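Remarks on the structure that follows.
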Amino acid sequence: MHELSIAYHLVEIAAQAAQSAHVKQVDALHLRLGALSGVVKEALLFSYEIATAGTVLEGSRLVIEEIPVALHCPACAVTSVLDTIQVFRCPICGQPSNDIRQGRELEVVSLEIADEQPTYS
Amino acid sequence: MNNPRILEIRRGVLEKNDLLAQNLRAHFNEAGVMVINLVSSPGAGKTAFLEATLRHLRENGLRPAALVGDLATDNDAQRLARSGAPVRQIVTGGNCHLEADMISTHLADWQLDLTNLDYLFIENVGNLVCPASYDLGEHLRVVLLSVTEGEDKPLKYPTLFNSADVTIITKIDIAAAVEFDRAAATAAIHAVRPGMIILETSAKTGEGMQNWLEYLNTCRQTYPLQPITT
Ligand SMILES: Nc1nc2c(ncn2[C@@H]2O[C@H](COP(=O)(O)OP(=O)(O)OP(=O)(O)O)[C@@H](O)[C@H]2O)c(=O)[nH]1
Ligand SMILES: [Mg+2]
Ligand SMILES: [Zn+2]
């Protein structure tokens with residue numbers, strides 16, 4: 001299980017961004033998680049609590065947007081969303097394809113902040 | 001309460017690893033060494049396959065070396081060293097996969113002259129989940145599947161199989177005894193990675209090793225170094 005190490009990376013990136021923006025408290029962290037990212041959502045949610053302890057993200061929610069695989073079919077010239085990661089075939093014509101256009105994402109998108117406006121001195 | 005503010009970040013969680021891996025790959029290209037990452041479930045036969053590979057390559061006058069990741073012991077490194085090739089152990093201390101910074105740290109400590117090598121093999125930790133997410137700067141990702149572990153393994157671990165360039169079916173010498181279903185294994189592999197090349201080998205009898213060495217050589221002849229995937 002490497003979700004804890006992923007969670008620490010996540011927190012490091014988010015905490016750094018929060019600090020540069022003079023943010024004192026974060027309400028939520030938004031993450032895009034691809035079906036082929038190799039990361040399990042439930043394990044990551046669990047690890048998030050541990051990884052955020054004692055940081056500016058402590059007590060914040062982890063909001064995960066799950067990104068399905070999108071496969072491009074050269075025959076149909078169409079990119080389709082798959083509801084599986086076990087069969088890489090065009091859902092229209094059934095042809096196999098390796099042209100994966102989406103689904104490997106593991107990306108910190110944004111932070112939701114509700115504290116008072118930052119004070120610049 | 002004030003209105004919630006949104007602070008945009010848009011950064012890859014593994015960007016550090018990815019960047020380091022890209023730098024490693026550029027470094028390997030410059031030195032002219034082809035790097036191969038071996039992944040599989042525990043006990044699928046990575047060390048045995050690698051030992052046979054190192055031995056054959058050296059017999060053919062080529063210069064391979066190996067980095068081997070293990071949770072706790074250096075047994076695999078000792079087995080590989082019997083081939084006569086330079087070998088170095090990475091004890092991950094419980095970490096279930098290798099990361100690019102472990103490769104660069106160990107290469108720096110090792111002081112191995114990469115320009116004197118043809119191939120550098122990396123035996124990853126036996127694990128079909130976590131190694132999928134970590135680029136090590138390799139040119140070729142090889143997934144090993146033994147005949148004893150079930151033909152549907154690729155369907156259970158599609159992410160890793162999808163991330164690989166070639167599949168090696170190992171322990172083919174005992175295929176009949178364990179009623180290995182070749183057609184089912186091929187179907188499962190191709191479902192999750194259409195067209196992936198599948199090679200069959202036995203580290204015990206040497207069966208199939210010649211095909212594997214030819215495949216490696218074909219990959220090496222391409223420039224910039226890249227896997228032959230179909
Ligand atoms: N019959 C047969 N047995 C093999 C072959 N290759 C490996 N084995 C046996 O399978 C077991 C595991 O082999 P290893 O090479 O240690 O497997 P591994 O993938 O390196 O294992 P970990 O590093 O622990 O994940 C050993 O008992 C080997 O003797 C083969 O080609 N034929
Ligand atoms: Mg081993
Ligand atoms: Zn199609």
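The values are calculated or read from the model by the stated rules, or taken from the named source; none is laboratory data. The shown structure was predicted, so the numbers you read here are calculated from the model rather than taken from an experiment. FYI the Cβ positions are ideal-geometry reconstructions off the backbone, even for glycines, and counts take in every protein chain you see. When the accessible area is computed, the model is the full protein with side chains, heavy atoms only, and any ligands, DNA or RNA have been set aside. Shrake-Rupley method; radii C 1.70, N 1.55, O 1.52, S 1.80 Å.
Quick notes on this structure:
- Residue, nearest to ligand 3 (Cβ to nearest atom), within the range B:160-181, restricted to residues that are charged (D, E, K, R) and more than 14 Å from chain A (Cβ to nearest Cβ): B:Asp181
- For the range B:217-226, the criterion of being within 13 Å of the chain's Cα centre (by Cα) and under 22 Å from B:Leu20 (Cα atoms) is met by none of the residues.
- Condition met for B:Gly45 (more than 16 Å from ligand 3 (Cβ to nearest atom), in contact with a Ser or Thr (Cβ under 7 Å, 6 or more places away or on another chain) and closer than 15 Å to B:Val91 by Cα): no
- Residue list for the range A:4-17, restricted to those being surrounded by fewer than 23 Cβ atoms within 10 Å (Cβ to Cβ) and more than 7 Å from chain B (Cβ to nearest Cβ): A:Leu4, A:Ser5, A:Tyr8, A:Glu12, A:Ala15, A:Gln16
- Flag for B:Ala65 being part of a strand (DSSP E or B), more than 24 Å from A:Val39 (Cα to Cα) and open to solvent by less than 60 Å² (accessible area, probe 1.4 Å): yes
- No other residue among B:Leu140, B:Leu144 is touching a residue at least 40 places away in the same chain (Cβ under 8 Å), away from chain A (no Cβ under 14 Å) and within 13 Å of ligand 1 (Cβ to nearest atom) apart from B:Leu144.
- Of all residues in the range B:33-61, none that is more than 10 Å from B:Thr170 (Cβ to Cβ) has its Cβ atom under 9 Å from the Cβ atom of a residue that is within 16 Å of ligand 3 (Cβ to nearest atom) and at pLDDT 95 or above, 6 or more apart or on another chain.
- Scanning the range B:36-50 for residues that are assigned to a loop (DSSP other than H, G, I, E, B) and more than 13 Å from ligand 1 (Cβ to nearest atom) yields no hits at all.
- Unmet criterion (only one of (1) in contact with a Phe, Trp or Tyr (Cβ under 9 Å, 6 or more places away or on another chain); (2) at pLDDT 95 or above; (3) part of a helix (DSSP H, G or I); (4) more than 15 Å from ligand 2 (Cβ to nearest atom)) for B:Thr53: (4)
- Cβ-Cβ contacts under 7 Å between residues 6 or more apart (or on different chains), taken from a first residue in the range B:184-198 that is open to solvent by less than 10 Å² (accessible area, probe 1.4 Å) to a second residue that is among the β-branched types (Val, Ile, Thr), are listed as B:Ala185/B:Ile169; B:Ile189/B:Thr167; B:Ile189/B:Ile198; B:Met196/B:Val166; B:Met196/B:Thr167; B:Met196/B:Ile189; B:Met196/B:Thr229.
- Top-ranked residue in the range B:182-211 [being part of a helix (DSSP H, G or I) and in contact with a helix residue (DSSP H, G or I) (Cβ under 7 Å, 6 or more places away or on another chain); ranked as farthest from the other protein chains (Cβ to nearest Cβ)]: B:Met209
- Checked against the criterion of being in contact with an Asp or Glu (Cβ under 9 Å, 6 or more places away or on another chain) and more than 9 Å from chain B (Cβ to nearest Cβ), the candidates A:Ser110, A:Ser37, A:Ser60, A:Ser80 yield just one match: A:Ser60.
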